[in-house]
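Visitor: To start, I am sharing the structure in question, which I have written as structure tokens.
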Amino acid sequence: MIQIGNNFSIQQNMHLTCAKAISIGSNTAIAANVTITDINHSYVDILIPVEKQPWEISPVEIGEDCKIYNNAVILPGTKLGKHNVVGANSVVSAIFPDFCVIVGIPASIIKRYNFQSKKWQKTNKFGEFIDE
């Protein structure tokens with residue numbers, strides 16, 4: 001089941017593979033060449049080619065107001081909170097809270113909105129604020 005909210009936008013060449021559940025929130029924008037999938041091929045049995053092994057399926061949730069930049073890959077089990085930004089070329093495979101900037105391979109949090117200071121603030125990879 002694929003669920004997409006209102007005012008969703010995508011650019012060219014998005015690749016979406018869904019075996020069970022992918023949800024994308026309203027006002028989310030996805031740039032060119034992004035892959036979103038809830039499927040991995042297992043590679044446990046070395047006597048069977050990877051492509052012929054059973055699927056591992058885990059739903060994907062992308063929150064409202066997110067922006068996913070070019071060439072990002074969103075893997076099974078990923079949960080992006082509201083108003084998250086995923087940097088170009090990132091490989092995302094984790095659960096992220098609301099209001100984060102996520103980049104890298106594997107992707108991790110580099111900034112989060114601080115509601116006390118009312119600014120985007122640098123964080124460690126766990127999303128804990130660091131002194132600037």
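Computed from the coordinates by the stated procedures, all read-outs in this text should not be read as laboratory data. None of these values were measured; they are calculated from a predicted model. No Cβ is skipped: glycine too gets one built from the backbone with ideal geometry, and neighbour counts run over all protein chains shown.
Visitor: Among the numbered criteria (1) in a loop (DSSP other than H, G, I, E, B); (2) crowded, with 18+ Cβ neighbours inside 10 Å; (3) more than 15 Å from the chain's Cα centre (by Cα), which one does LYS111 miss?
Guide: Unmet for LYS111, out of (1) in a loop (DSSP other than H, G, I, E, B); (2) crowded, with 18+ Cβ neighbours inside 10 Å; (3) more than 15 Å from the chain's Cα centre (by Cα): (1).
Visitor: Turning to a different aspect of this structure: Listed residues ASN89, ASN33; which is of a type in the set (S, T, N, Q), under 18 Å from ILE105 (Cβ atoms) and surrounded by 17 or more Cβ atoms within 10 Å (Cβ to Cβ)? First the steps, then the outcome.
Guide: Details: ASN89 fails: surrounded by 17 or more Cβ atoms within 10 Å (Cβ to Cβ).
Within the list ASN89, ASN33, the selection yields ASN33.
Visitor: Same structure, new question: Would you mind stating whether SER42 is in contact (Cβ under 8 Å) with a residue 12 or more places away in the chain, surrounded by 14 or more Cβ atoms within 10 Å (Cβ to Cβ) and small (Gly, Ala, Ser)? Don't jump to the end; show me each part of the working.
Guide: Values: in contact (Cβ under 8 Å) with a residue 12 or more places away in the chain: yes; surrounded by 14 or more Cβ atoms within 10 Å (Cβ to Cβ): no; small (Gly, Ala, Ser): yes.
Here the answer is no, as SER42 does not meet what is asked.
Visitor: For segment 62-86, enumerate the residues that are closer than 13 Å to GLY104 by Cα and not in a loop (DSSP other than H, G, I, E, B).
Guide: Here is the first cut: in segment 62-86, the ones closer than 13 Å to GLY104 by Cα are 68-74, 85-86.
Correct list: ILE68, VAL73, ILE74, VAL85, VAL86.
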